[in-house]
Structures are given as C-alpha cells and as structure tokens.
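Only one structure is covered here, and it is reproduced in the block below.
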Amino acid sequence: MTQFPPPSDRRPAGLATTPFPLPPNATIGLVGGGQLGRMSALAAARLGYRCHILTREPGSPATQVAAGVTISDYSDPASLRAFAAAVDVISFEFENVSAEGLDLLASLKPVRPSPDVLRISQDRVAEKQFLNAAGVATAPWAAVDSLDALYDAARRIGLPAVLKTTRYGYDGKGQARLHAEADLAPAFAALAPKPLIFEGFVDFACEISAVVARGADGATSCFDPMENRHRDGILDLTLAPARVPEATAAAAREIAIRIADALNLIGVLAVEMFVDRTGRLLANEIAPRPHNSGHWTIDACPASQFELHIRAVAGLPLLPATRHADAVMRNLVGPDGLALWPAVVAAPGLIPHLYGKADARPGRKMGHVTRLFPRGSLPGEFGIAAALGPAAPAPDAQDPGERG
Ligand SMILES: Nc1ncnc2c1ncn2[C@@H]1O[C@H](COP(=O)(O)OP(=O)(O)OP(=O)(O)O)[C@@H](O)[C@H]1O
Ligand SMILES: [Mg+2]
C-alpha cells in the first residue's frame, strides 16, 4: 500500500463521529479510481470538499483530481483501515468490494450508500429478486448453477435468451446470447464464475435509464429518463430526454424512486430499463452510483448527477433534478474514440470531456462529448448526427446484436 498525503502530514483526523451535513474541507473517501470517481471528485471540489481515492491503479482518472490517494488492493484490511482513517465519509464508484471489506469500512466510517445496497447490486440474482419483491417488473429469469438447470430454464422461459454471470459483468462482458438449444452447453462452459442467470430476451423498442438521488431524510430528486443506444455491448449514445410518451417517462421516474426508497438509498441510483414493444417497462439492472447515461447532466443541469450524489453523501440539501437544456452525449471509446479528440476539441458547440487514461485500449471509455439543445428541441435522427459533427456515430451505430 502507498498513501498520499502520508498520515503524519494530514490535517488532524476528523471527529470521532462524522457531522452531517459535512462541513467545508471535509474529506469524502471514494472507492474506485475511474472516470465516475473523477467527475464525482470534481463536483465535490466545487462544493468545497476534498476527495481521497482508494484504487489499485496509480495515476488512474480520479487520482489526478483528488486531494489524497491510497493505492492498494480493495481487500487488504490494513489498507482499508488507512483509507478509512483519512476520510470522514465513504462512497463508491466501483461496486465490487468484498463483503468483508464493506463490513470493515462500515465499522470505521459512515458508508453511503450502505453495504446492503451494494450487496444487492453486485449480484444479478439478488438484484432481480429485490426488484420483483419491490413490485418492479423484469424479464423472466432463473438462477442457473448447473447445465440441467440451464436446460430447465430454457424449457420454462424459452429462447432466445441471454445468459449472464451474476457478478463482475460490465459493458456487456460476461454474457452470451442463446438462440438455439445447441448454444446452451457451450455458453454454460464459457461463462465464469458460476452461478449464472438466465434471462428471457426482451424484444425492446428502446432502452432507457433514470437517475434518482435520495438523501438521508428520504427526499428524492429524479432526472427525466434518457434513451440509451449501445454498440458492441458498450453505451454509445444517450439522448436526454428519452423520446417516449410522458406516461412512460413518469412511470420510469416512479420506478426509480420506488427502488431508491426500498433500498433506503443515500446517494444516486441509476435504473436501466427496457421499453418493450407494448410500451411496458422492464427493469434490467440498477447501479447505486452515478451512471454513464447521466454524464450529460454535467452540462445540461444546474446540479449534475455527480453533484447530487455528493450532496446526498455529504448530507447537503438535494436540489431538483431539472435541466436547462436537452442533450445528446456520445462516448469516446478506445483508440477510435480518442482519434476523434483533436476534431472534437476544435468543434464549436461540442462540450468535450477526457478522463486522463494513459492507454486507449479497444473498448475502453476514454472520454465523452455532449451537445446541448434548447429544451424541447432535441433534433430527429439526422439532426443528431449533424449536431455531433466530427463525433457523429457511423451510420451503422445501432449494434444489431443489441436488438437480437
Ligand atoms: N434480457 C435481455 N434482453 C435483451 N437485451 C438484453 C438483455 N440483457 C441485456 N441486454 C442487452 O445487453 C446490454 C448489456 O446488458 P447489462 O446491462 O445487463 O450488462 P452490463 O454488462 O452490466 O452492461 P453495462 O455495464 O453497460 O450496464 C443491455 O443494455 C441490453 O442492450
Ligand atoms: Mg447495463
């Protein structure tokens, strides 16, 4: 483990109990060093807070804009203790901390959202059980821990379907599409770790997400839902607001708030949903943190998803999740996305964001670009491409794999 600033140089340790709202200059500990932590730390800095990052990777995006850093594995008890000692409250941008690690952190400092929330979102089976128990519809699903259970699920739920690992999946990794019975055994053999989850394939009209913030007092603030398009399993484009009927948007906000309430959430939560061909909403997954589909809120809203997250964690009043503009956000992914950078920074009207990653590996989110439109004037399909200029997706942008 390495830690900066070293404990001897640090300002006097905080009070034994953390006061809320956090006073200015208090330190928020963030687990995870990626772009979500970076943008959270920038929002925290504007509110007069310091962020201290726990990450495995020296130089990772969040560390570049943070006041303090602990470089360590997420499971080393001595490092978790040193991290907790350096901060007043703990939050996350990376969810896969071990249960023991979470318990240790929670025994030392307030953890927001609580470890219980992370345990649910870490595991797709726990997540689906929780959603259904909260009255939120999902695709039909079954937990699968053997090949027999997989055949049984395929018989009961039917094909096509998606088979996923229950843990550690992101950006479409750890998933296989099942079209025919012959796909079952190879997919079961290929996916690890077990158990897996079998989900009926949703023939969706579009994918949307809603981001809601919830404070310790139970107040909630939910952005209008946005429409998301994926490419190669990775979020490519977000349109805000989603072009769905107002009743659908209202139902999506209601689902997000219901889930945040049921989790007793403190922080921000994103709910990814499918809108099926009949207009029905099916929840896909939840993320108890700021979400890629909410990046546009930095530029289009008085208080972004990152600011609302920090406000909730710090115990500051939540502000309404309003926007002063409509927006289109496109991710800059991998070497191809990074290659667009010189043109993107030169294009008037494009708002550029780069995350400071050293290595532009394929599939890696390097940055994003946002374009704003006056409220109510999000353009149609061709207008979006024109407005993104050099950052416009190629005409084949809609990943056919995403629609089955
Ligand atoms: N049951 C399903 N029916 C239809 N499409 C699905 C289903 N499950 C997943 N997909 C497609 O695959 C994408 C990625 O799935 P999911 O969100 O579960 O995984 P992920 O790896 O956690 O992704 P991310 O990190 O991008 O959110 C979804 O956004 C959707 O396009
Ligand atoms: Mg997802």
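So the values come out like this:
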| read-out | value |
| --- | --- |
| Some residue of the stretch 110-122 being open to solvent by 30 Å² or more (accessible area, probe 1.4 Å), within 16 Å of ligand 2 (Cβ to nearest atom) and of a type in the set (Asp, Glu) | no |
| All positions within the stretch 102-136 that are touching a strand residue (DSSP E or B) at 6+ places or on another chain (Cβ under 9 Å), in a helix (DSSP H, G or I) and over 20 Å from Val202 (Cα atoms) | Leu102, Leu105, Ala106, Leu108, Val117, Leu118, Ile120, Ser121 |
| Ala185 being without any contact (Cβ under 8 Å) to a residue 40 or more places away in the chain, within 16 Å of ligand 2 (Cβ to nearest atom), over 19 Å from Ile286 (Cβ atoms) and open to solvent by 20 Å² or more (accessible area, probe 1.4 Å) | no |
| Unmet criterion (only one of (1) basic (Lys, Arg); (2) more than 16 Å from ligand 2 (Cβ to nearest atom); (3) touching a Lys or Arg at 6+ places or on another chain (Cβ under 8 Å)) for Arg167 | (2) |
| Meets criteria (within 16 Å of ligand 2 (Cβ to nearest atom), farther than 22 Å from Ala386 by Cα and not in a strand (DSSP E or B)) for Pro317 | no |
| Residue in the stretch 243-263 that is in a loop (DSSP other than H, G, I, E, B) and within 16 Å of ligand 2 (Cβ to nearest atom) present | no |
| Count of the stretch 272-300 residues which are more than 9 Å from the chain's Cα centre (by Cα), in a loop (DSSP other than H, G, I, E, B) and either surrounded by 23 or more Cβ atoms within 10 Å (Cβ to Cβ) or within 15 Å of ligand 2 (Cβ to nearest atom) (or both) | 2 |
| Verdict on Ala149 being open to solvent by 50 Å² or more (accessible area, probe 1.4 Å), outside the structural domain of Glu93 (by TED's automatic domain parsing) and away from ligand 2 (no atom under 16 Å from the Cβ) | no |
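Residues are listed down the side, and each one gets a yes or a no for (1) polar (S, T, N, Q); (2) open to solvent by less than 40 Å² (accessible area, probe 1.4 Å); (3) on the phi < 0 side of the Ramachandran plot:
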| residue | (1), (2), (3) |
| --- | --- |
| Arg177 | no, no, yes |
| Glu199 | no, yes, yes |
| Asp203 | no, no, yes |
| Ser209 | yes, yes, yes |
| Val212 | no, yes, yes |
| Gly218 | no, yes, no |
| Pro241 | no, yes, yes |
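The values are calculated or read from the model by the stated rules, or taken from the named source; none is laboratory data. Keep in mind that what you see is a predicted model, and the values were worked out from it rather than measured. Cβ coordinates were reconstructed from backbone atoms using ideal geometry, including for glycine residues, and neighbour counts include every protein chain displayed. Ligands, DNA and RNA are excluded from the accessible area calculation, which covers all protein heavy atoms including side chains. Shrake-Rupley method; radii C 1.70, N 1.55, O 1.52, S 1.80 Å.
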